[in-house]
Every structure is written in structure tokens, then in C-alpha cells.
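Inspection log for the structure reproduced underneath, given as C-alpha cells.
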Amino acid sequence: MKVNAISMFSIVLLSLAGFIAASAAAPIWLKVYWLLDGEDNNGWLTNTSYGRSDNSALRNASNANMAMGAHLAEHAIYTLGLKDSDGNTLTGDGVYRITLSPPPLKPFGFWSVTSYDGGFPLPLVDNPLDKYAINSGNQHQLSPREDRQLSFIYSAEKPEDIKDEDWLPAHPGNPMPIFRAYNPQPSIIEGRWQMPIIERIN
Amino acid sequence: MKANILKGLAAFVAAFLLGSVYQVYSMPERVIAQTHQDLLDRQKYNEIAFTEVMFDASIDPRSEGFTAPQNDTLYGAALFDLRKEPVVIMQGRVDKGRYWVHELVNERNEVVSYIGAYTDGFEPKNYLLVGKNFSGIVPDSIDRVVETNTDIAWDLYRIYASDKNDFKKADAQRRDIQVLTLSEYRDRHNN
């Protein structure tokens, strides 16, 4: 009888431990799910489900865990730059050239490629230029190209032959650029617009 | 002994699985409830407040309740309580072409409405924000009625600022927003 009582107590205790472990583990595995959820386009992960009422419970949980208050896709597209054009994960020692055509936007929209430390909660990256994004506002500072594409270097250290204006500082350990398009045209939302190409050049 | 170990292990796994299901289903409401509480720790219902600076690498996003903030966006937030009456968002003038938006999010983390440059332009306007059961008279001076499907609505405000030189201008424009309850608005505007 005594043995049964101890056994029952252990089971209750282990059940409680299982429940506590689940609450500790959920934010972690939901972050992993978030990093896999969406359409892969040139190494950019695009999730168009933010803020919607018709998502699965799992997606709602993942979005709430990682992207509270993100816009509906019709109003803004968020894409995480995770891999280069060869399919390799971005690394802190990589020197990348990011090339894009001017994103098609509805009136009064803007776009940006912002540089983050990929660890939660995705802080901006400390750098000597105090520069955090290439965007609609500073794109005119990029060196012009004959094909009218926009192109800049994304790396933790600025290569010697690159002008400050053509460089977006990356995190040295965990680089993650995020491309955003506010008031995007349907071609961006539907994946018909070519996402920026992230090409490793070192 | 072996049977007891197996029973214990089964109890742990079952509780972990049930706990995980609970976490998934309750996550949106819990996260947004925490967001609401964080806002109410800093400001009252029906009051819009703004981040004081442009985000840069020296600011921990958590200190402002953010994930992945942008450097080129200035933010604001309000928590509207529409249980007793609607609120009026008195939006000031914004430079023509400058991106701005009020994104309204309900208690389930669903985006329910927008007010912004794309839909509303850049001139000063008054917006009546109503909850799910509103059936009153709308004052003539209201430009648009905006509906939500819950009685508590979170407003995430964003306005574009190109750089530090542009900060003051964009900051002044976002601080030109006023929020009043409908009765306060009627008293002030005599209608």
C-alpha cells in the first residue's frame, strides 16, 4: 500500500514535470517551426500568414511567439534571408553580394533590407557606420549599375575595395538580413517577383 | 520496479504532449495578454505612446517589447478599450508620400483594420474606432468609421523616417495624433 502511494506520488510529480517541460520547450520549438514555415525563394523564407484569422493553431502559435503585430501580407511582406544562392546557410565569415531589382510597391510603400543578429529577439547589428539597412531612402547612394539592379555587399567586415555606401554590415556570428516590402504589389506577395539574390563571393 | 519506471515515463510523456497542445492553443491569447499588460504598465487605455528614439544596435528590443525592430521606422502603440464607448483617433497631417499606418490587432492577434497612407492619404482626419456591438450615432465630423471584432484593440503605429536627420520631422508628425473617447470628442467638438 505504502509502495503504491509512493508510486502514485512519483507519477503525479513526473506529470507535473512533463507539463512544465512542455511550457519551457514550446517557445524554443515554435521558433524552429517559424524558421521553417513559409515559401523558400532564393534562400529567403517568406511567411504570408501573419495576422490572419484562418491559420492553423500551430501557425498561429508560431506567429504569436515570434512575430506579434506583424502586418497582413497585403500590407507588408517580411522575408528572412537564411541561405545564399547555392543553398548554403549564411555564415559570419561570408562576404555576400545581394542584388535585387527595385521592388514593385503600391503608392507610399517602402522597402528595406535590414541587418540583424539572428538570435532572438533579433537586435540590430552594431557597426562603425551606424548603418542598419539598405532601403528606399538610401538606395540612391548605391553605386549605379548598367542593368539598373540594386547591389550591395553584406558582410561582417567591409572589404577594402568597397565603398561605405555599398556595404551593409552583417553580424559576425549569426547574420540574418530581413527584406521587407510595405504596401507590396501582388507580384511580391505571390512570389512572382524575384527575391534578392544572395551570392557568396569569398 | 521496472513497471513503475515505465509508468512514470509514460506519465511524463503524456503530460508533455498534453502540455504542448495547451501551449500551442493558448499561445496567441497568452502572448497578446502579456503584450496588453506590458502596455498598461506604461500607459493607460486609450492613450497613444511612442518609442523615444530610433532603434539602433545599442537598444535591446526587449526593453521596448519588440522583436526585430527597424531603424527606419518610428513606432507608437495604444490599447483601446471599446467596451463602454468608441474612441476617436484624430490623425494629424503627414508629409505627402511618407509611409504611416495604424495597424489594429484584436485579442486573438488577428489584424482587423488599417488606417494609413495607402487607404487614407496625408491630410488630418478623424476616425471613429468601434467595437463589435456599437450601434450609436456617428458625429458628422468623423471621416471614417473603423470596425474591430473584439472590444479591446491594440494599435501598432508606424511612420517612416529615412535617417537621424529625418527623425525630428517624423517624430513631430506622429506626436500630432490625439485619441479621445467618443464622449470626450463630443464635448470638445460640441456635436
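The values are calculated or read from the model by the stated rules, or taken from the named source; none is laboratory data. Treat the numbers as computed from the prediction; the structure is a model and nothing was measured. Methodologically, a virtual Cβ is constructed for each residue, glycine included, from the backbone with ideal geometry; neighbour enumeration extends over all protein chains shown.
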Open item on the list: Considering only region A:98-113, I want to know if a residue exists there that is of a type in the set (S, T, N, Q) and closer than 18 Å to residue A:170 by Cα.
Closed with: yes
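Report, by residue number, each residue of region B:78-100 that is touching a strand residue (DSSP E or B) at 6+ places or on another chain (Cβ under 7 Å) and either acidic (Asp, Glu) or within 9 Å of chain A (Cβ to nearest Cβ) (or both).
Pass one, region B:78-100, residues touching a strand residue (DSSP E or B) at 6+ places or on another chain (Cβ under 7 Å): B:78-82, B:85-91, B:94, B:98-100.
Residues satisfying the conditions are B:81, B:85, B:98, B:99, B:100.
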Open item on the list: All but one of (1) closer than 18 Å to residue B:174 by Cβ; (2) at the interface with another protein chain (Cβ under 8 Å from one of its Cβ atoms); (3) part of a loop (DSSP other than H, G, I, E, B) hold for residue B:103; state the number of the condition that does not hold.
Closed with: (3)
Task: Index of the failed condition, residue A:148 passing every other in (1) touching an Asp or Glu at 6+ places or on another chain (Cβ under 7 Å); (2) more than 7 Å from chain B (Cβ to nearest Cβ); (3) charged (D, E, K, R) - done: (1)
Open item on the list: Quick check on my filter: what residues within region B:141-191 are surrounded by fewer than 19 Cβ atoms within 10 Å (Cβ to Cβ), in a helix (DSSP H, G or I) and among the hydrophobic types (A, V, I, L, M, F, W, C)?
Closed with: B:167, B:172
Task: Positions within region A:90-127 being away from chain B (no Cβ under 14 Å) and aromatic (Phe, Trp, Tyr), in sequence order - done: A:96
Open item on the list: Quick test for you: out of A:116, A:154, pick the one residue that is in contact with a His (Cβ under 8 Å, 6 or more places away or on another chain) and either part of a strand (DSSP E or B) or not hydroxyl-bearing (Ser, Thr, Tyr) (or both).
Closed with: A:116
- [ ] Select from region B:1-39 the residues that are in contact (Cβ under 8 Å) with a residue 24 or more places away in the chain and facing chain A (nearest Cβ under 9 Å) and write down the one among them that is farthest from residue A:55 (Cα to Cα).
- [x] B:35
Task: Failed criterion for residue B:55 (all others in (1) in contact (Cβ under 8 Å) with a residue 12 or more places away in the chain; (2) more than 7 Å from every other protein chain (Cβ to nearest Cβ); (3) aromatic (Phe, Trp, Tyr) hold) - done: (2)
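Of the residues A:69, A:87, A:38, which single one is within 7 Å of another protein chain (Cβ to nearest Cβ) and farther than 19 Å from residue B:22 by Cβ?
Working: A:87 fails: within 7 Å of another protein chain (Cβ to nearest Cβ); A:38 fails: within 7 Å of another protein chain (Cβ to nearest Cβ).
Unique residue meeting the criteria: A:69.
Could you tell me which of the residues B:58, B:20, B:63 is in the same structural domain as residue B:163 (by TED's automatic domain parsing), farther than 30 Å from residue B:188 by Cα and assigned to a helix (DSSP H, G or I)? Can you show your working first?
On the way: B:58 fails: assigned to a helix (DSSP H, G or I); B:20 fails: in the same structural domain as residue B:163 (by TED's automatic domain parsing).
The conditions single out B:63.
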Open item on the list: Please determine whether any residue of region B:129-149 is free of Cβ contacts under 8 Å to residues at least 12 places away in the same chain and among the small types (Gly, Ala, Ser).
Closed with: yes
